[in-house]
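No value in this document is a laboratory result; all are computed from the given coordinates. A quick note: this is a predicted structure, and the numbers were derived from the prediction, not measured. Here the Cβ positions follow ideal geometry from the backbone for every residue, glycine too, while neighbour counts run over all protein chains shown.
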Amino acid sequence: MSWWAKFILFSAGAIFFLEFGIEEMIRAYRLKNPVEFLASFFSASFIILISGALLAGFIWRMVMKIRGEEGKRRKGEEEDLIN
């Protein structure tokens, strides 16, 4: 169970930073200075990119874990039917 808690916590952190990046992107468009806009825009894009990739990876690992457990259960059921 600790594996699930760890990956759910990591996913929550990735969602937090994804939201933070989106908020930073919105703030970037309100800036008047072009240099500040560019710095804020690229930093927000980088935050969104990294947190989105991490979130996708965490979700992928959880889905693969679920599919792996279901596959083991199905394989065990098939062996019971044969014996």
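The C-beta contact set for segment 50-72 (first residue in contact (Cβ under 8 Å) with a residue 60 or more places away in the chain, second residue surrounded by 10 or more Cβ atoms within 10 Å (Cβ to Cβ) and in a helix (DSSP H, G or I), distance under 9 angstrom, 6+ apart or interchain) comprises K65/W3; K65/W4; K65/F7. The residue that is surrounded by the most Cβ atoms within 10 Å (Cβ to Cβ), counting only those in segment 1-39 that are among the hydroxyl-bearing types (S, T, Y) and farther than 18 Å from W60 by Cβ, is Y29. Applying the criterion of being more than 14 Å from W4 (Cα to Cα) and surrounded by fewer than 13 Cβ atoms within 10 Å (Cβ to Cβ) to the residues of segment 48-66, the residue that is farthest from the chain's Cα centre (by Cα) is L49.
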